[in-house]
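**Student:** Submitted below is the structure of interest, expressed as structure tokens.
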Amino acid sequence: MPDPLAVAVGNASLLGIGYLLMNRRGLFWSAAPVTVALWWLTYATAATWSEVLLVLWWAAVVAHGLWLARRHPSAGPRRGQRVLALALTVPVLAAAGWVRADAYGIEDAVAGARADGDCGAAVDAQDGVRFRHRLLAAPAAARGDAVVVTCERLDTAEGYLSTALTGDLDSLETGFARLGGVLGEPGNERTVEAALKDFLGQLPTDDGCVTMSIADWLRKREDGPRDLTGPAAATAARITPGALVKCGDALLADNRWADAQDRYQRLLDDHPGDARADDAREGVRKAGLAIELNRVENLVTAADSMGSGYCGKPAKYSAAPAYRKGKSGVVFAGDTEYTDKLPEKWLAGTAAAALVVCTGEAKSGDAIETCQYRGHDGRIGSVRFNKLAVRVKAYALRTGKLVTDRTVQMNGESCPGVLRYFGELPSQMAATPSDADVRDAFGPVIGR
């Protein structure tokens, strides 16, 4: 007859050994599928209730075996059965206990890493979970899996935030939304804090204008958890002054002067006490001068008559040198048919010029002399030769103010030995000025 204690110990292994000791094979084969099913249910659901159900089944088979054995008690203790039951059950229970202890140790390591905000350590710890842990301590393993899933969500959010460092504000929006979603679940405060800190720690970027756009977005973000908006706003305040100057410098180098001036002025308006205020003031000055110079250059290029371009709408370039008689460079605009013949040393680029001289179309000036010529019809007629008269207006480039308004007249060759003309003999012709004649006419205008 079976020993009751041996049967109870044998059934405690959940292997049905107690039923075999009683030679109740039907019960053994009936209990086995239930045990397997409950174990698989625990593995599949990873729910505490399924573990409780398994423990209740374990207690039931132990109690049932003990009850059956006591109905037919043995004459005395059967040491062999007890030794066999213990030899089979103790290793099973010890192994199960060790696996469960190991599983809960892993869970503690995952929880500790999560509490420290270290998702990498949490994932590494959870990598130690094996099938045996999921079979014998499924809820603990599942809790670690949930932490890993959360860390994967944070990793995705960090990916969006990393893309945002290139200036992609849509990715910045998505990244913060995902951080907020994870933060809304209890226990994720430190891991979200670490992810946010990692992103904010990469600011400012090397590109001042990208940094500026990110800072503006962070500063204006008011909705969302305070744990996100607070550090974001603080970081925006930290990086904005430097980003404004750096962005202004980049825009200035890219000839986007108005945008550069706006960035510098923002620093002066919003952060007047910042250490970079002097740099910003210098940036405003440089950008303003560049805008003036660009406007003047465009107007000079557009001037093809006395009433167009710069000649019709003069403008100043504040950095232009003061006019110095005999030494200042000049820019000629308007009708440049004759001024193109002036010496190159009189001329200057717009940025170095002191005067902009506008010239009109050459017209007939004072008479020089009258000569007699025989026309194609054989008749003799008189031809009067006149100087060329050109209207001249000179503007001080530094102020854009008119300083000279006069008409100059150019002498030239008159009464040539052979007169070339078409049709009838003309009564009046313009003298042909030489380069020296042009120089003598325009020299007094510019102090040469």
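**Student:** Scan segment 1-41 for residues that are in a helix (DSSP H, G or I), of a type in the set (S, T, N, Q) and surrounded by fewer than 16 Cβ atoms within 10 Å (Cβ to Cβ) and jot them down.
**Tutor:** At the first step, the residues of segment 1-41 found to be in a helix (DSSP H, G or I) are 4-11, 17-21, 25-41.
Restricting the remaining residues to those that are of a type in the set (S, T, N, Q) gives 11, 30, 35.
Hit for segment 1-41 is SER30, nothing else.
**Student:** Something else about it: Of TYR338, TYR317, which residue is closer than 18 Å to VAL403 by Cα and either within 42 Å of the chain's Cα centre (by Cα) or open to solvent by 30 Å² or more (accessible area, probe 1.4 Å) (or both)?
**Tutor:** Numbers: TYR338 fails: closer than 18 Å to VAL403 by Cα.
The unique qualifying residue is TYR317.
**Student:** Which residues, taken from segment 182-196, are closer than 16 Å to GLY224 by Cβ and exposed (fewer than 15 other Cβ atoms within 10 Å of the Cβ)?
**Tutor:** So the first thing to find is which residues in segment 182-196 are closer than 16 Å to GLY224 by Cβ, and the list is 182-185, 188-189, 192-193, 195-196.
Residues satisfying the conditions are GLY184, GLU185.
**Student:** Just name the residue that is nearest to the chain's Cα centre (by Cα) out of those in segment 42-54 that are surrounded by 17 or more Cβ atoms within 10 Å (Cβ to Cβ) and on the phi < 0 side of the Ramachandran plot. Give the derivation first.
**Tutor:** At the first step, the residues of segment 42-54 found to be surrounded by 17 or more Cβ atoms within 10 Å (Cβ to Cβ) are 42, 46, 50-51, 54.
This time we only want the ones that are on the phi < 0 side of the Ramachandran plot, so: 42, 50-51, 54.
Details: THR42: 49, SER50: 51, GLU51: 51, LEU54: 56 Å.
The selected residue is THR42.
**Student:** So which pairs qualify, if the first residue must be in segment 44-60 and closer than 15 Å to LEU135 by Cβ, the second must be open to solvent by 50 Å² or more (accessible area, probe 1.4 Å) and of a type outside the set (Val, Ile, Thr), the Cβ gap must be under 7 Å, and the two must be at least 6 apart or on different chains?
**Tutor:** So the pair list comes out as SER50/LEU41; LEU54/TRP39.
**Student:** May I pose another question? Quickly run through segment 307-344 and pick out the residues that are without any contact (Cβ under 8 Å) to a residue 24 or more places away in the chain, of a type in the set (Lys, Arg) and farther than 20 Å from ASP440 by Cβ.
**Tutor:** Across segment 307-344, the qualifying residue is only LYS313.
**Student:** Among the residues of segment 249-289, how many are more than 17 Å from LYS316 (Cβ to Cβ), open to solvent by 30 Å² or more (accessible area, probe 1.4 Å) and either among the aromatic types (Phe, Trp, Tyr) or touching a Gly at 6+ places or on another chain (Cβ under 6 Å) (or both)?
**Tutor:** Looking only at that region, the number is 2.
**Student:** While we're looking at this one, here's another question. Looking at VAL148, VAL110, VAL129 in this structure, which one is farther than 27 Å from GLY18 by Cβ and not in a helix (DSSP H, G or I)?
**Tutor:** Values: VAL148 fails: not in a helix (DSSP H, G or I); VAL110 fails: not in a helix (DSSP H, G or I).
Selected residue: VAL129, the only one of VAL148, VAL110, VAL129 that is farther than 27 Å from GLY18 by Cβ and not in a helix (DSSP H, G or I).
**Student:** Turning to a different aspect of this structure: For segment 342-448, give me every one of the strands (runs of 3 or more DSSP E) that falls completely inside it and has 2 or more residues that are over 60 Å from the mean Cα position of the chain (by Cα).
**Tutor:** The qualifying strands (runs of 3 or more DSSP E) are 363-374, 380-396, 401-410, 428-430.
**Student:** Check segment 290-304 and report whether any residue there is acidic (Asp, Glu), free of Cβ contacts under 8 Å to residues at least 40 places away in the same chain, within 30 Å of ALA362 (Cα to Cα) and surrounded by fewer than 21 Cβ atoms within 10 Å (Cβ to Cβ). Let's see the steps before the verdict.
**Tutor:** Taking segment 290-304 first, the residues acidic (Asp, Glu) are 292, 297, 304.
Checking which are free of Cβ contacts under 8 Å to residues at least 40 places away in the same chain leaves us with 292, 304.
With the extra rule that they be within 30 Å of ALA362 (Cα to Cα), the set shrinks to 304.
Next, from what is left, pick out any that are surrounded by fewer than 21 Cβ atoms within 10 Å (Cβ to Cβ): 304.
Yes - at least one qualifying residue is present in segment 290-304.
The values are calculated or read from the model by the stated rules, or taken from the named source; none is laboratory data. What you see is a predicted model; the values in this text were computed from it and never measured. Every residue, glycine among them, receives a Cβ derived from its backbone with ideal geometry; neighbour counts consider all protein chains shown. The accessibility values were calculated without ligands, DNA or RNA, using every heavy atom of the protein model including side chains. Shrake-Rupley method; radii C 1.70, N 1.55, O 1.52, S 1.80 Å.
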